[in-house]
Structures are given as structure tokens and as C-alpha cells.
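I have placed the structure first, in the form of C-alpha cells, so that the comments after it can refer back to it.
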Amino acid sequence: MHLSDLLSVKIILASQSPRRLQLLKQMGFEVVTTKIEVEEKAEEGLQDFELAEHLAKTKNHAYTLPIESGSVLVTADTLVFVNGQPLGKPCDKQQAMHYLKILSGREHRVITACTLRSRHQETTFHSVAKVYFRTLSSEEMNYYIDCFQPFDKAGSYGIQEWIGLTGIEKIDGDYYTIMGLPCNKLFSTLGQMKI
């Protein structure tokens, strides 16, 4: 697909994430957002990337309106895993602190899965990145939680926020996967789709 054709694709983003919206707009797409109601629950026996893909597909299939020609519905799910255990979005300050203590001084994996659906095709993919946090003090964790309210973020942090800037020693993989949208993979996948 030619670049001009690709950039003329209208993206329907079924996500309330301001980060995903911002990234898609920065990529040059016209984006409209829609809200879907889905219970995000883990299915027994799924591996980490399978769980992320399952959740992205579930969100995508919850959108029941017809998709017009030239449009693509985008859904995504980001999960943080430590020793194979998922850390979701914290429900309160206590859980956010617990998650940050688990991540402090350790390596973890971030998996973002996306499901793209046009009138003619559906595809799902995932991207994995490793993140290494230095040891964080209780004062730093409290400051971050109080100032940034990371209750809408898997693992209780945003890489683009203060704690990412000051607490992450290194990453292996795609920065935008950690932010919640593997932009390069999404762009190349869109370019191969029948829209």
C-alpha cells in the first residue's frame, strides 16, 4: 500500500488511553475514539502473550457497529509480567505501591497486543519488551503515585512519566510497546491489510 493510501485510513480507536490516541495522531492518522465495555478477565491456561492477544481480541469483538470501507478498528491490551505473573492496573494506592515494590530493582516484561479489523480482514499481533528498574525508594514510589495517579496503567507506571525517566535503567525492545502501542509493528501491519 502506498504511503498516501495508508495515511488516509481512518482509525477507530476503541480505547480510552490518551497515550494511544496521541501516538496514532503523531503517526499521521485521522483517529476517532469509541468506548467499549468489556470485562478484562484472564482465561485459565493462557501464556503471557496469549492472554494479551485474547484481551485485545475480546475488546475488538465487543465493537458491534459496521466498519466502513477505508476504516480500521484498533484495540490493544498491555500487560506487565514479573516471573510469569501479570500485574494489571492497580485499583488503589496500596496496590500501586505493592506493584512498584515488586518491580523495584528487577527486570520485567511488557507485552502489548493489538487487534486490527477492517471490513475485509482481522489480524492480531503482539510485541514484547524487557524493562529494568533500578531500586526505588519508598519516598520515590509515594511521590510518583501521589503526583501521577498511575491507576490506568498496567504495572502502576508509565514509561513516559517521571518514574520512567528517573527509575528505568534500560529497556530491551520497543519503547512504544511499553507505552501501550507498538507503533512500528502497527504501521507495517496496516500496510499489509486489505482495507
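Read the figures in this text as sums done on the coordinates, not as results from a lab. Please read all numbers here as calculations on a predicted model, not as lab measurements. Here the Cβ is made from the backbone with ideal geometry for all residues, glycine too, and neighbour counts use every protein chain on show.
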Next on the checklist: Starting from the 7 Å offset along Cα-to-Cβ, what nm value, one decimal, do you get for the label separation of GLU37 and THR123?
Outcome noted: 3.3 nm
Next on the checklist: Which order do the peptides 58-67, 78-87, 113-122, 176-185 come out in when sorted by mean C-beta neighbours inside 10 angstrom, highest first?
Outcome noted: 176-185, 113-122, 78-87, 58-67
Item to check | Whole-number percent relative contact order across the chain, with pairs defined as alpha carbons under 8 Å at least 6 apart | outcome: 23 percent
Checklist outcome for this item: Long-range amide H partners of ARG106, meaning residues 5 or more apart or on another chain whose placed amide H is closer than 5 Å, are PHE133
Checklist entry - About the Cα centre of the chain, what is the dipole size in debye to 20, counting +1 per Lys and Arg Cβ and -1 per Asp and Glu Cβ, all else neutral? => result 320 debye
Item to check | FRET efficiency estimate (nearest 0.05) - Cβ-Cβ, LYS25 to LYS101, R0 25 angstrom | outcome: 0.10
Item to check | Nearest-0.05 FRET efficiency for SER4 and CYS147, computed from C-beta distance (R0 35 Å) | outcome: 0.25
Checklist entry - Taking the alpha carbon gyration tensor of the chain, what are the square roots of 5 times its eigenvalues, largest first, to the nearest whole Å? => result 30, 17, 15
Checklist outcome for this item: Net charge near LYS130 (other residues with Cβ under 15 Å of its Cβ; Lys, Arg +1; Asp, Glu -1) is -1
Item to check | Entries of LYS153/LYS185; LYS57/LYS101; LYS130/LYS153; LYS35/LYS194; LYS59/LYS130; LYS35/LYS153 with Cα pairs more than 28 Å apart | outcome: LYS57/LYS101
Checklist entry - If you take the Cα Rg of the range 119-174 and divide it by 2.2 N^0.38 Å, with N the number of residues, what do you get? => result 1.47
Item to check | Tilt relative to the chain, helix 93-103 - C-alpha long axis, 0 to 90 degrees, to 10 | outcome: 90 degrees
Item to check | Degrees, to the nearest 10: 138-148 long Cα axis against longest axis of the chain | outcome: 30 degrees
Checklist outcome for this item: Farthest towards the positive end of the dipole of the range 46-173, among TYR143, THR124, ILE111 and with Cβ unit charges of +1 on Lys and Arg and -1 on Asp and Glu, lies the Cα of THR124
Checklist entry - So what's the angle, to the nearest 10 degrees on a 0 to 90 scale, between helix 48-61 and the longest Cα principal axis of the chain? => result 50 degrees
Checklist entry - Hey, if you put +1 on the Cβ of every Lys and Arg and -1 on every Asp and Glu Cβ in the chain, which of HIS2, PHE81, TYR175 ends up farthest toward the positive end of that dipole? => result HIS2
Checklist entry - Comparing LEU136, LEU21, LEU46, which has the greatest mean-square fluctuation in the GNM of the chain with Cα pairs linked when under 10 Å apart? => result LEU46
Checklist entry - Using modelled backbone amide H atoms (1.01 Å from N, in-plane), which distant-in-sequence or interchain residues come within less than 5 Å of LEU87's amide H? => result VAL80, PHE81, VAL82
